[in-house]
Amino acid sequence: MAALFDHPVPSTESIPLALSTVDRNGGTARFTVPSKPVYVAMVYDEQASYDGQSPPPEGSPIAIYSKGEKPVSVTPGPNVAITTSFDDSKRWQP
């Protein structure tokens, strides 16, 4: 699952601006992006039960779109695309 946030590091209190499910490795998440810069967070749902309406289950693989270790915002515009991937090296800890 991919989510958009208006801040770079989501917390347990964060509410996503938008969610998109990615059904397979190499899949695509599509969003209609609000008119402000957003940050992209990703969660791998190992149990196939996460709906994105609450924080992910503890220990779920997560990532934030970043360059190096610094979160990078995505500025809306026509046909903006980013490419990213992640593994299980970072896991959600509330």
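The values are calculated or read from the model by the stated rules, or taken from the named source; none is laboratory data. What you are looking at is a predicted structure, and each value in this text was computed from that prediction instead of being measured. A quick note on method: Cβ atoms are made from the backbone with ideal geometry, for glycine too, and the neighbour counts reach across all protein chains shown.
A few comments on the model shown:
- Checking every residue in the stretch 48-62 against the condition of being surrounded by 11 or more Cβ atoms within 10 Å (Cβ to Cβ), at negative phi, among the acidic types (Asp, Glu) and part of a loop (DSSP other than H, G, I, E, B) gives zero matches.
- Meets criteria (touching a Phe, Trp or Tyr at 6+ places or on another chain (Cβ under 9 Å), polar (S, T, N, Q) and modelled with pLDDT of 90 or more) for SER11: no
- In the stretch 1-13, the qualifying residues are those that are in a loop (DSSP other than H, G, I, E, B) and within 13 Å of the chain's Cα centre (by Cα), and the one that is surrounded by the most Cβ atoms within 10 Å (Cβ to Cβ) is PRO10.
- For the stretch 1-17, the set of residues classified as among the small types (Gly, Ala, Ser) and either in contact with a Ser or Thr (Cβ under 7 Å, 6 or more places away or on another chain) or more than 18 Å from PRO57 (Cβ to Cβ) (or both) consists of ALA2 only.
- Within the stretch 63-73, the residues that satisfy the criterion of being loosely packed, with under 13 Cβ neighbours inside 10 Å and not in a strand (DSSP E or B) are GLY68, GLU69.
- SER49 vs. criteria touching a residue at least 12 places away in the same chain (Cβ under 8 Å), out of contact with any Ser or Thr (no Cβ under 7 Å at 6 or more places or on another chain) and among the hydroxyl-bearing types (Ser, Thr, Tyr): no
- Candidates PRO16, PRO76, PRO34, filtered to the one that is surrounded by 17 or more Cβ atoms within 10 Å (Cβ to Cβ) and in a loop (DSSP other than H, G, I, E, B): PRO16
Rundown of residues vs (1) within 15 Å of the chain's Cα centre (by Cα); (2) touching a residue at least 12 places away in the same chain (Cβ under 8 Å), yes/no style:
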{"residue": "ASP23", "(1), (2)": "yes, no"}
{"residue": "VAL43", "(1), (2)": "yes, yes"}
{"residue": "GLN53", "(1), (2)": "yes, no"}
{"residue": "SER66", "(1), (2)": "yes, no"}
{"residue": "VAL74", "(1), (2)": "yes, yes"}
{"residue": "GLY77", "(1), (2)": "no, no"}
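- For the stretch 14-59, filtered to residues that are within 18 Å of PHE86 (Cα to Cα) and of a type in the set (A, V, I, L, M), the residue that is modelled with the lowest pLDDT is ALA48.
- Members of the stretch 79-91 found to be part of a loop (DSSP other than H, G, I, E, B), surrounded by 11 or more Cβ atoms within 10 Å (Cβ to Cβ) and over 12 Å from the mean Cα position of the chain (by Cα), listed by number: ASP88, LYS90
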